[in-house]
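The values are calculated or read from the model by the stated rules, or taken from the named source; none is laboratory data. Here the structure is a predicted model, which is why all the values come from computation and not from measurement. We place every Cβ from the backbone using ideal geometry, glycine too, and count neighbours over all the protein chains shown. Please note that ligands, DNA and RNA were not included when accessible areas were found on the heavy atoms of the full protein model with its side chains. Shrake-Rupley method; radii C 1.70, N 1.55, O 1.52, S 1.80 Å.
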Amino acid sequence: MKAVRPQTVATLRGALTAVLFVARASYAQRLERSIDLGGAALRYADTLNTGAATITPHALVDWGSGFVDASGTYSQFTSGGWSMQGFLSASRFIPTSHGFLGEVGGFAGGSTHNDGTRTGEVIANGRVHFARRNGELFFGVGGGRTRDAVDWRTVWLGEAGGSLGSEARSASLTISPTMVGDSIKYADAQASLSWKGNSRLDLGAQLGFRMGDQLETLGSSARSWASVSAVLSMTPHLALVAGAGTYPIDPTQGFPGGRFVSLSVRWSNPRRGSTPGVNSQVPPDSLPPELVRNVAPSVTGFNVQRIASDSINLRVRAPTASVVEVSGDFTNWVPLQLARAEEGWWSERLALKRGNYQMNIRVNGGQWTVPPGLLSMVDEFGGSVGLLVIQ
């Protein structure tokens, strides 16, 4: 059994957990670079109150078939003391010819505090994703080492879940059994919801429940948690980020659970060279006049026809369109204009082998959208892409 920490250590680490929970829950839009400046009111271990001023830089690099994500948080607590936390994660997606998408990834992170206390975690994991109409099922396993400021221990993780959604609304449910060392075994069930009301407002919610071992020595016996978050864009570079709710005990690193209310200002740069998302548009003044008058005609059909073992004919039906483009990982996310065909169809022959691909379409220089009939997935930047399966 690990030793009980002094109350000051639990105070700082409990407050840090709330700060991290807010930061992760509120990233409804993932940009290449951003920084949050704000504060939070915290109540941890069901008994103690404090506040924190925080600064959180964040960066993400995506190249279609994988991504690297990094973030850090510095917190100055009103009760005295400070802490710093950081993490680095990466994933690589692997198309297969067997109807599923593979993923391998890793996570490394930790924290340090003004009294010298340190925690850490290094995890490697793998997942398989099975596409379904308007959703997916996924399964995964992982393992690594975690430190709770006293000892390094082995941690094993499992994951199973599913998601449903569209460009504007999505929901997911995940069950994650976990074993820390040989003495702590539990499973978390968590549901997540997201809603995009318009181009300026993103809303999110989480609800979770824990089964199994609970470390009541960390000061809380609650087995459920819930939170809500909102991101309101004020300009292309500035947004208000707000969140409130409860967060669970973290048995892997020894963080106590608690409650939080937070508010921050986020600066972010426009994404460059990223997956074209649903909010990516060509300025109207850069389009010919005849296209501006009809910037968003409807797309009524999409299909793929195999014409050889290593090539396909990709077709989009948009009878009133003047220009139809596709963009995907098979074009390195460079827009490719389709040729007009008969009866309102647009087509292009592409050299694509069997496998899974990500793509979007655009009509008359308007918004990038998911082709009808394809599974809509949220990419690493918060945009939507379609999953194209070539059999």
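When region 219-242 is examined, which residues are found to be out of contact with any Leu (no Cβ under 8 Å at 6 or more places or on another chain) and assigned to a strand (DSSP E or B)? Residues satisfying the conditions are S227, L238. If you go through region 317-325 one residue at a time, do you hit one that is surrounded by 18 or more Cβ atoms within 10 Å (Cβ to Cβ) and basic (K, R)? Yes. For H113, the requirement of being farther than 18 Å from T174 by Cβ, open to solvent by less than 40 Å² (accessible area, probe 1.4 Å) and either touching a Leu at 6+ places or on another chain (Cβ under 7 Å) or not aliphatic (A, V, I, L, M) (or both) is met.
Using the structure shown, decide if R354 is surrounded by 19 or more Cβ atoms within 10 Å (Cβ to Cβ) and in contact with a strand residue (DSSP E or B) (Cβ under 9 Å, 6 or more places away or on another chain). So that I can check it myself, show each step before the final result.
Details: surrounded by 19 or more Cβ atoms within 10 Å (Cβ to Cβ): no; in contact with a strand residue (DSSP E or B) (Cβ under 9 Å, 6 or more places away or on another chain): yes.
Spelling it out, it is not the case that R354 is surrounded by 19 or more Cβ atoms within 10 Å (Cβ to Cβ) and in contact with a strand residue (DSSP E or B) (Cβ under 9 Å, 6 or more places away or on another chain).
Is it the case that L12 is over 21 Å from S229 (Cα atoms), open to solvent by less than 20 Å² (accessible area, probe 1.4 Å) and either at pLDDT below 90 or not in a loop (DSSP other than H, G, I, E, B) (or both)?
Working: over 21 Å from S229 (Cα atoms): yes; open to solvent by less than 20 Å² (accessible area, probe 1.4 Å): yes; either at pLDDT below 90 or not in a loop (DSSP other than H, G, I, E, B) (or both): yes.
So L12 fits the description; yes.
Only residues that are open to solvent by 40 Å² or more (accessible area, probe 1.4 Å) and modelled with pLDDT under 90 were counted in region 195-210, giving 6. Apart from one condition, F330 fits all of (1) in a strand (DSSP E or B); (2) of a type outside the set (A, V, I, L, M); (3) surrounded by 19 or more Cβ atoms within 10 Å (Cβ to Cβ); the exception is (1).
Here is a yes/no grid of residues against (1) under 21 Å from the mean Cα position of the chain (by Cα); (2) farther than 28 Å from A242 by Cβ; (3) outside any strand (DSSP E or B); (4) in contact (Cβ under 8 Å) with a residue 24 or more places away in the chain:
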{"position": "A41", "(1), (2), (3), (4)": "no, no, no, yes"}
{"position": "T54", "(1), (2), (3), (4)": "no, no, no, yes"}
{"position": "A59", "(1), (2), (3), (4)": "yes, no, no, yes"}
{"position": "T73", "(1), (2), (3), (4)": "yes, no, no, yes"}
{"position": "S89", "(1), (2), (3), (4)": "yes, no, no, no"}
{"position": "V104", "(1), (2), (3), (4)": "yes, yes, no, no"}
{"position": "G109", "(1), (2), (3), (4)": "yes, no, no, yes"}
{"position": "D115", "(1), (2), (3), (4)": "no, yes, yes, yes"}
{"position": "I123", "(1), (2), (3), (4)": "yes, yes, no, yes"}
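There is no residue in region 276-286 that is surrounded by fewer than 21 Cβ atoms within 10 Å (Cβ to Cβ), at pLDDT 80 or above and not charged (D, E, K, R). Given the conditions (1) modelled with pLDDT under 70; (2) over 22 Å from D202 (Cα atoms); (3) β-branched (V, I, T), and given that V22 satisfies all but one, which numbered condition is not satisfied? The number of the failed condition is (2). Please count how many residues of region 120-159 are at pLDDT below 90 and open to solvent by less than 20 Å² (accessible area, probe 1.4 Å). Of the residues in that region, 2 qualify. Scanning region 156-190 for residues that are of a type in the set (K, R) and under 21 Å from A124 (Cβ atoms) yields a count of 1.
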